[in-house]
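Reviewing the structure listed below.
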Amino acid sequence: MNDRWARRLPAASDPLFVYGTLRFEAVLTALIGRVPRMEPARSIGRRAAALPGRAYPGLVTATDAVTDGFVLTGLTADDWRVLDAFEDDEYDLTPVSVHTGERVGYAWTYTWTAEVSGADWSAAAFETGHLPYYESKCAAWRRDLVLLSETV
């Protein structure tokens with residue numbers, strides 16, 4: 001059993017800041033079967049770093065950097081469990097400051113704890129070069145999760 005299942009997850013009403021593959025509606029639909037409410041947002045002082053050998057990014061602290069993404073709201077407890085199980089063990093679930101329009105608040109996000117590239121991750125390059133394949137891998141992962149755990 002993955003230790004993430006034992007970890008205390010945010011309340012279902014808590015927002016999640018997404019900056020990488022979870023910003024794509026196709027990926028969210030493949031994983032949780034729907035697209036929750038998404039509001040454009042930014043995290044200042046962090047960057048979405050490219051990761052060696054991986055198509056997805058990792059959010060790391062970086063002075064003078066800004067990462068664009070979305071704040072997801074309306075997640076259910078089951079959504080949180082699925083998304084948390086999906087994320088690699090190198091991610092930590094942490095609160096970060098986010099800017100949505102003129103408002104500043106906090107949201108949970110997955111920050112990266114391992115090696116990163118010096119380059120920033122590109123959502124546009126991911127969309128054109130990886131999204132269809134990644135979406136199908138997410139759907140297969142979700143089917144396997146459902147087969148292994150009749151609770152999700």
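Read the figures in this text as sums done on the coordinates, not as results from a lab. Source: prediction; values computed, not measured. Cβ sites come from the backbone with ideal geometry, for glycine too, and all protein chains shown count toward neighbours.
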- [ ] Under 18 Å from a label point 7 Å along Cα→Cβ of Glu90: give me every residue in segment 54-84 with its amide N that close.
- [x] 54-62, 84
TODO: With label points built 7 Å along Cα→Cβ from the Cα atoms of Glu102 and Ala11, find their separation and express it in nm.
DONE: 2.7
- [ ] Could you give the DSSP H helices of the chain that reach 18 angstrom or more along their long axis (alpha carbon positions) and whose average Kyte-Doolittle hydropathy is no lower than -0.5?
- [x] 131-148
Task: Distribution of pairwise C-alpha distances over segment 73-152, 5 Å bins, in % - done: 3, 11, 14, 18, 25, 18, 9, 3, 0
Open item on the list: Taking θ = phi - 60°, what integer Hz values does the Karplus form 6.51 cos²θ - 1.76 cosθ + 1.60 yield along segment 51-64, in sequence order, with x for Gly and Pro?
Closed with: 10, x, x, 10, 7, 9, x, x, 8, 10, 5, 7, 4, 6
TODO: Amide H neighbours of Ala65 under 5 Å, at least 5 residues apart or on other chains, H built in the peptide plane: list them.
DONE: Gly45, Arg46
Open item on the list: Please report the spacing between the Cα centers of segment 83-103 and segment 62-81 in Å, no decimals.
Closed with: 5
